[in-house]
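Here is the structure we will look at, set down as structure tokens.
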Amino acid sequence: MHQTPKKRKATKQAFPQSKGEPANLKNLLLYGVLMVLALEFFRRIFVFLKAGDAPEWAIFLTSILWGVLGIWVLFYLANMITESLQERWRGLVVPWIFAGPALLILAYYLLIPTFRTLYLSFFDGSGTFIGLENYLYAFTSGPMLESFKNNLIWLVVGSGLSVVAGLVIATLADRTHPWFEVTIKSLIFLPMAISMIGSAVIWRFVYHFQPGETQIGLLNALLTSVGEVPQPWLILQPWNTLFLVVILIWMQAGYAMVIFSAAIKGVPSELLEAARIDGANEIQSFFQVTIPYIRGTIIAVTTTIIIFTLKIFDIVLGMTGGNFGTQVIANEQYRQMFEAGDFGKGSAIAIVLLLTVLPVVYYNVREFRSSHQKAGF
Amino acid sequence: MPQRTAIAISLILTSSLALAQQKTVTVFGNFTGQDQQSFQKVINAFEAKNPGIKVNYTGSADFVTLINVRVQAGNYPDIAAIPQPGVMYDLAQKGVLVPLWNSALTLVKRNYSPAWLDLGTAEDGKAYGIFHRVNVKGLVFYNKTAFKNAGYKVPKTWPELQALTKKMAATKTAPWCIGIESGGATGWAATDWLENILLRTAPASVYDKWITNKVKFDSPEVRKAWGVLDDIVTTPGYVYGGKTTVAVTNFRDASQGVYANPAKCWMNLQGSFATGFLQDDVQANLDKEVGVFMLPMIDEKLPTTLEVGGDQYVVFKGKDRPEVKKFMEFLATGASAAPWAADGGALFPHKDQNRKAYKTQLEQSFVRILLSAKAARFDASDAMPSAVNLAFWKGTTDYFTGKNLDQVLKDIDAAYGK
């Protein structure tokens with residue numbers, strides 16, 4: 001990126017008193033000491049907040065002050081330190097002042113937990129080193145084999161149908177009256193606004209079963225109204241996993257639809273016209289022109305939904321708690337880690353989950369990069 | 001300008017730090033809703049006696065999950081009310097609990113039967129827990145009016161119960177309502193059935209060995225107990241809705257089935273706490289509508305042993321401040337039981353409690369059963385390690401949805417690891 005002369009002037013104005021003159025050592029020392037004091041002060045407040053003994057309002061007030069004013073004080077001091085530096089050094093330091101905190105936070109919340117999880121996965125529940133035994137459990141135990149099988153069903157049926165349904169709806173809606181298109185798309189997109197666990201609660205009512213005459217579950221009420229026998233949907237193996245997958249499709253098809261819809265509208269009409277002149281019918285031009293044109297979008301949406309289904313958790317927890325043969329990897333991890341208190345097994349399963357998601361993420365990033373290169377970014 | 005700002009900031013911060021020095025006791029437990037309101041009355045009674053100390057209670061239905069997370073994060077409450085001894089043993093083993101100090105220990109020895117002290121003692125031989133709200137399990141609830149109208153008598157022996165069950169099955173109403181659905185804890189109600197049957201078919205020593213994994217799930221004794229349950233649930237017409245629907249029927253709905261109109265079943269096995277989730281109109285007339293008898297002994301040569309459950313309060317490491325100790329000692333006295341007893345739905349094991357505080361004769365009879373029991377055992381699944389408890393819940397659920405019993409027993413035993 002080239003700096004315009006105007007911008008360069010602006011940068012100089014921000015640090016007016018140092019035009020290549022030697023570092024202002026007195027100032028540097030003063031602000032350095034202040035910085036150390038400030039950091040120590042904020043650390044103490046952090047310790048106080050973490051102890052959590054104080055009344056709620058005091059914690060509330062302190063954390064706001066700590067967050068807002070703390071950042072301001074730290075930035076002010078950091079700025080003063082850079083200003084006391086020689087210009088040569090300043091260029092090296094400034095990027096770190098701005099990007100450093102973000103990198104630190106990223107490392108603290110993402111990298112360290114990942115490595116800690118990996119570390120924990122070699123210990124059993126009571127903290128004894130057991131090597132790869134947890135991984136043996138993660139790949140061979142009954143609940144985990146069941147989870148792998150179910151995750152595969154979620155992946156193929158759930159992601160597949162979400163994408164296909166989204167694509168079909170987007171294509172068909174594109175050809176209807178705008179007023180109808182907007183209505184139908186809003187309705188289909190609506191479930192996206194509901195949290196996963198909220199959806200689980202809603203669908204529990206749909207699948208509700210009780211022995212006896214009266215059925216308050218939607219599906220069973222429909223069945224009994226036409227004289228059929230009500231079914232305990234959630235324990236009907238192996239179909240019950242599919243009944244749960246339906247909820248995912250209900251939620252995700254709307255997301256796929258919106259993105260596809262935008263992409264389809266971006267297909268140049270000249271291309272479609274040309275195809276028609278060449279004698280292609282609707283189906284042919286859809287597969288030969290539209291699909292290749294929006295290929296990048298399809299990959300992005302599919303990989304996003306795949307990642308989403310691989311770590312599926314809330315729906316299973318809310319509907320069956322992993323009982324009746326519907327267990328999935330993420331739920332088994334939660335069960336081992338937080339319910340059984342076995343952080344070793346839980347961590348090993350988390351790592352397995354991470355490993356299954358990684359290739360998808362990698363593919364997504366690679367596609368994203370190559371499509372950007374093509375587009376000339 | 002910066003100086004003035006700095007001064008203002010430090011002033012606000014120091015003042016909020018200074019205000020934090022108030023004497024507060026934080027308690028974390030698993031009772032919510034009505035139970036939480038009743039416990040708040042216990043707290044109010046304490047605060048009235050001890051001005052200057054404030055007790056903050058937080059309750060969550062996911063207590064066991066959250067306490068594990070909080071311990072892992074080093075973010076302890078002062079006191080936790082633990083519903084499962086297994087969890088207490090785990091925490092004690094991790095070294096995050098404070099053993100009972102002398103004055104508390106003396107109080108517990110004086111005010112409780114020795115069984116409760118044993119249950120509050122971890123594997124290292126040190127006592128950590130003070131029991132407060134407890135319950136009695138293995139009670140069969142029936143509809144008094146319906147029993148009277150049908151001319152049924154309360155069975156005193158197992159053959160009498162079997163004969164009665166058979167007679168009931170011939171009516172349009174099923175003898176038993178069983179429901180084990182309970183969200184993430186689905187299955188616990190079925191473990192209560194098995195534990196009560198085991199206490200009635202095998203000596204209590206087998207039960208103790210079962211808890212400590214010296215008797216396996218796949219053992220003749222446990223298989224025999226499971227067989228008794230199996231006979232009940234697989235006989236057509238014995239359970240409302242049949243065997244598989246048990247897994248999707250909520251335990252509360254099952255309890256209400258006895259008093260529904262028309263009645264869904266004649267009897268329901270549940271703990272004394274069931275009075276808390278019966279229909280409102282039934283709760284209003286507990287003594288008139290609700291009849292209860294103990295599930296009879298199956299092997300009559302065995303002495304009667306009561307199954308009990310309950311919450312024990314423990315203090316976390318570094319939190320044994322004087323005000324925390326004071327609240328713990330208050331919980332060990334009958335005075336702390338009265339406010340909750342008056343609200344109903346809970347029993348207390350304190351010897352010095354006022355039995356008149358319970359408003360219904362039904363609850364007073366529970367207390368009689370509780371305090372006069374010669375032998376008592378804690379809910380076995382809750383006393384097992386958390387992982388086994390979970391596997392037991394899941395195993396019984398699998399059993400009701402049709403999994404082969406051999407496989408179920410093998411799965412649960414596998415939860416012990418090597």
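The values are calculated or read from the model by the stated rules, or taken from the named source; none is laboratory data. The structure presented is a predicted model; accordingly, all values stated were derived computationally and were not measured. For neighbour counting, all protein chains shown are included, and Cβ atoms are generated from backbone atoms with ideal geometry for every residue, glycine included. Protein only, heavy atoms only, side chains kept; ligands, DNA and RNA dropped before computing areas. Shrake-Rupley method; radii C 1.70, N 1.55, O 1.52, S 1.80 Å.
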Query - Rounded accessible area of A:Glu146 (nearest 10 Å², 1.4 Å probe) - result: 40 Å²
Requested in this report: At q = 0.07 Å⁻¹, what is the base-10 log of I(q)/I(0) for the protein assembly as shown according to the Debye formula with one equal point scatterer per Cα and no solvent? Please give it to two decimals.
Outcome: -0.69
Requested in this report: State whether the range A:100-184 is rounded, prolate or oblate according to the following rule on the C-alpha gyration tensor (a ≥ b ≥ c being the square roots of its eigenvalues): a/c under 1.5 gives rounded; otherwise a/b larger than b/c gives prolate, and the remaining case gives oblate.
Outcome: oblate
Query raised in the report: Any idea of A:Arg204's accessible area? Nearest 10 Å², probe 1.4 Å.
Result: 90 Å²
Query raised in the report: GNM on chain A, C-alpha springs below 10 Å: top fluctuator among A:Asn79, A:Asn364, A:Asn323?
Result: A:Asn79
Report task. Once you've got the GNM for chain B with C-alpha springs shorter than 10 Å, pick whichever of B:Asp382, B:Asp192, B:Asp218 has the biggest mean-square fluctuation. Result -> B:Asp218
Requested in this report: State the dimensionless ratio Rg/Rh of the range A:239-292 (Rg: radius of gyration of Cα atoms; Rh: Kirkwood radius).
Outcome: 1.22
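Let me know the shape class of the range B:251-311, please: from the alpha-carbon gyration tensor, a ≥ b ≥ c as square roots of the eigenvalues, rounded when a/c is under 1.5, otherwise prolate if a/b is greater than b/c, or oblate.
Values: a/c = 2.31, a/b = 1.74, b/c = 1.33.
It comes out prolate by the Cα gyration axes.
Give the longest segment of chain B that steers clear of GluC sites (Glu not before Pro) in DSSP loops with at most 16 neighbouring Cβ atoms within 10 Å, not counting the sites themselves.
Numbers: sites that count: B:Glu123, B:Glu300.
It works out to B:124-299.
At a 1.4 Å probe radius, which order do B:Asp411, B:Asp311 fall into by accessible area, largest first?
Details: B:Asp411 60, B:Asp311 5 Å².
Heavy-atom accessible area, descending, gives B:Asp411, B:Asp311.
Could you give the size of the charge dipole of chain B about its Cα centre, using +1 on the Cβ of each K and R and -1 on the Cβ of each D and E, expressed in debye and rounded to the nearest 20? Walk me through the intermediate numbers first.
Working: 46 positive and 38 negative charges, 146 e Å.
Here chain B has a charge dipole of around 700 debye.
State, as an integer percentage, the relative contact order of the range A:118-209 based on alpha-carbon contacts under 8 Å between residues 6 or more apart.
Working: 24 pairs, mean separation 9.0, N = 92.
So the answer I get is 10 percent.
Jot down the per residue volume, in cubic angstrom and as a whole number, of the convex hull over the alpha-carbon atoms of chain A. Provide the component values of the computation, followed by the final result.
Numbers: hull volume 102.0 nm³, N = 377.
Measuring per residue, one finds 271 Å³ for the Cα hull of chain A.
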Query - Reciprocal of mean inverse Cα separation for the range A:32-181 (Kirkwood radius, Å) - result: 22.0 Å
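Can you pick out the pairs among B:Lys317/B:Lys356; A:Lys50/B:Lys23; B:Lys148/B:Lys351; B:Lys54/B:Lys317; B:Lys126/B:Lys325 whose Cα atoms lie more than 26 Å from each other?
Numbers: B:Lys317/B:Lys356 37 Å; A:Lys50/B:Lys23 17 Å; B:Lys148/B:Lys351 35 Å; B:Lys54/B:Lys317 20 Å; B:Lys126/B:Lys325 17 Å.
With Cα atoms farther than 26 Å apart: B:Lys317/B:Lys356; B:Lys148/B:Lys351.
Which value in deg cm²/dmol, rounded to the nearest 500, describes the helix-derived mean residue ellipticity at 222 nm for chain A, given -39,500 (n - 2.57) per DSSP H run of n ≥ 4 and division by the residue count?
Numbers: 18 runs with 261 residues, N = 377.
Counting only the DSSP helices, I get -22500 deg cm²/dmol.
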Report summary line: Ignoring ligands and nucleic acids, B:Ile130 exposes an accessible area, probe 1.4 Å, in Å² to the nearest 10, of 0 Å²
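Can you put B:Thr305, B:Thr58 in order of accessible area, largest first, using a 1.4 Å probe? It would help to have the intermediate numbers written out before the result.
Details: B:Thr305 5, B:Thr58 80 Å².
My answer, sorted largest first, is B:Thr58, B:Thr305.
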Query raised in the report: When the solvent-accessible surface of protein heavy atoms is calculated with a 1.4 angstrom probe, in what order do B:Ser60, B:Ser205 fall, highest first?
Result: B:Ser205, B:Ser60
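Return the subset of B:Lys166/B:Lys403; B:Lys216/B:Lys410; B:Lys224/B:Lys403; A:Lys345/B:Lys94 for which the Cα-Cα distance in this structure is over 20 Å, preserving the input order.
Numbers: B:Lys166/B:Lys403 26 Å; B:Lys216/B:Lys410 9 Å; B:Lys224/B:Lys403 18 Å; A:Lys345/B:Lys94 17 Å.
With Cα atoms farther than 20 Å apart: B:Lys166/B:Lys403.
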Query raised in the report: Hey, which aspartates and glutamates would be in cross-link range of B:Lys326, C-alpha to C-alpha under 14 Å, not counting anything within fewer than 8 residues on its own chain?
Result: B:Glu47, B:Asp78
Query raised in the report: Which residue fluctuates the most in chain B, going by a Gaussian network model with Cα springs under 10 Å, if the choices are B:Gly402, B:Gly29, B:Gly334?
Result: B:Gly402
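Expressed as a rounded percentage, what relative contact order does the range A:247-305 have, with Cα pairs under 8 Å and six or more residues apart? Display every interim value, and only then the final one.
Details: 21 pairs, mean separation 27.8, N = 59.
With pairs under 8 Å counted, the relative contact order is 47 percent.
Residue by residue through A:320-331, how many Cβ atoms from other chains fall within 10 Å of the Cβ on average?
On the way: counts 6, 10, 3, 12, 11, 3, 0, 1, 0, 0, 0, 0.
If you average over the peptide's residues, the count of other-chain Cβ atoms is 4.
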Query - Beta bridges per DSSP with both ends in the protein assembly as shown, % antiparallel, nearest 5 - result: 60 percent
Requested in this report: With r as the distance between the Cβ atoms of B:Asn213 and A:Arg175 and R0 = 56 Å, compute the FRET efficiency 1/(1 + (r/R0)^6) and round to 0.05.
Outcome: 0.25
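So what is the relative contact order for chain A, in percent, with contacts set as C-alpha pairs under 8 Å and at least six apart? Could the numbers behind the result be given before it?
Numbers: 378 pairs, mean separation 77.5, N = 377.
This gives 21 percent for chain A.
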